[in-house]
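The values are calculated or read from the model by the stated rules, or taken from the named source; none is laboratory data. Since the structure is predicted, the reported quantities are computational estimates derived from the model, not experimental observations. In this analysis, Cβ positions are derived from the backbone assuming ideal geometry, glycine residues included, and neighbour counts consider all displayed protein chains.
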Amino acid sequence: MITDTKREVLDLFAQGRKSYKLMMFEEARGFFAKALELDAEDGPSKVYYARCKHYLENPPSEDWDGVFVMKTK
């Protein structure tokens, strides 16, 4: 059974992913941050929060297809 809190985290994550795909990284980061306030251990939100931070500092090209390419290990 999924708790109400987990449902809210999933909804926030989905909204964040939608903004992320539209290259709206600041907005997306806000959704992921709210998800992490509810569940600090939510792995997907942690990953996408960090990716948003990266893309805010290093914007992708206009033809970005939404794929994150790791440059370091």
- prompt: Could you say which residue among Gly30, Gly43 is surrounded by fewer than 17 Cβ atoms within 10 Å (Cβ to Cβ) and at pLDDT 95 or above?
  reply: Gly43
statement: Here the residues within region 12-51 that are in contact with a Ser or Thr (Cβ under 9 Å, 6 or more places away or on another chain), farther than 23 Å from Ile2 by Cα and not small (Gly, Ala, Ser) are Phe25, Glu26, Glu27, Arg29
- line: By residue number, the members of region 18-73 that are touching a residue at least 40 places away in the same chain (Cβ under 8 Å) and of a type in the set (Gly, Ala, Ser) are Gly66
statement: Reported set for region 46-67 where residues are surrounded by fewer than 14 Cβ atoms within 10 Å (Cβ to Cβ) and among the hydrophobic types (A, V, I, L, M, F, W, C) is Val47, Ala50, Leu56, Trp64, Val67
